[in-house]
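Structure record follows, encoded as structure tokens.
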Amino acid sequence: MKKVGIIGLGLIGASILKGLFANKNYEIFCYSNSSFKEAKKYTKNSSNSLDIIKNCDIIFVCTSASRTLETLKRLDGLINKKTIVVDVCSIKNKLLDKTFNFNFILSHPMAGSEKSGFSAGNKNLFKNTKWLIGKENKILKQIIIDLGAKPIKIDMNTHDELTAQISHLPTILSFLLFECANIESKKIASSGFRDTTRLAMTNEDLALSMFNNNKDNILKAFDNLTVKLNSLKKMSNDEKIKLFKDIAQNRAKMYDSNGKNIL
């Protein structure tokens, strides 16, 4: 039985807890200042003292992005040097060159929600999703698989540029799209506006962290969007129809009927 530690019990941390607690291969240990009592429903090993996780085999740091580096530094000297420590941040630029006295692995579960907090945690959050990892590790990969996700090794040096395009820019645009619509148009809005502005309900601290910490890549992606919009203005109707058709076909090939990315 592997001892799994979870630091931070927001959406991701709580979902890891709820996804693993019934698996007899793992004993779960949780640390949280705000939700440790709620976690006791799933594990007796839950506390507001960081010492609760010091003997774990693997630890997931699921604090907010702004507190991740501080938390990693707190673990230095507290845990065994062989302990695997995994972050789950959607932004890596401040972690890429950091070294610690433990086995640190950069990772990013490609799953999320506009909801936040312990109650938003869902045991099925990672089902049929991809989980990016910076290096191979047998224990981590098995946990990811047991959570229902597919571990994929990538070069984390390119991570922030990629997530700016598929996550951070869409989140910022969702906020702005909602703001661009006046009150009269919102009164008649239906599912299309609802679905394209879902990310506008993202926690404001997370949205701010995305923009501030990955600003250059977000603006680069926005510039690319502007180029494509300006190009669209100059196209003939036939060219526009072809473009829209090609995009629609490529989008249809990207997900299956259950919404799983099959690329």
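If I take R0 = 45 Å and measure r between the Cβ atoms of LYS220 and SER49 in this structure, what FRET efficiency does the formula 1/(1 + (r/R0)^6) give, to the nearest 0.05?
That pair, LYS220 with SER49, gives E of 0.60.
Taking the Cα atoms of region 97-200, what is the range of coordinates along each of the three principal axes, in descending order and whole Å?
Result, largest extent first: 56, 30, 21 Å.
Note down the Stokes-Einstein diffusion coefficient of region 141-190 in µm²/s, whole number, using a Kirkwood radius over alpha carbon pairs, 4 °C, and 1.567 mPa s.
This corresponds to a translational diffusion coefficient of 91 µm²/s.
Over the residues of the chain, compute the C-alpha Rg and express it relative to 2.2 N^0.38 Å.
That works out to 1.11 for the chain.
Cα-Cα pairs above 18 Å in region 158-254: how many percent?
Summing the P(r) tail past 18 Å for region 158-254 gives 60 percent.
Hey, got the dipole for the chain? About the Cα centre, +1 on K and R Cβ, -1 on D and E Cβ, debye to the nearest 20?
720 debye
If you take every residue apart from PRO170 with its C-beta less than 13 Å away from the C-beta of PRO170, what net charge results, scoring Lys and Arg +1 and Asp and Glu -1?
Around PRO170, the charge tally is -1.
So what are the three principal axis dimensions of region 2-154 from its Cα atoms, in whole Å, longest to shortest?
Here the spans come out as 37, 33, 29 Å, largest first.
How much length would be gained if the chain were fully extended between ASN230 and LYS127, taking 0.36 nm per residue of separation minus their Cα-Cα distance, in nm to one decimal?
33.2 nm
Taking 7 Å along the Cα-to-C-beta vector as the label spot, tell me the LYS37-ASN212 distance in nanometres, rounded to one decimal.
Going by the 7 Å Cα→Cβ label model, 3.0 nm.
Each reported figure results from applying straightforward, stated rules to the coordinates on display, with no laboratory input. Being a predicted model, the structure only gives us computed values, none of them experimental. Cβ sites come from the backbone with ideal geometry, for glycine too, and all protein chains shown count toward neighbours.
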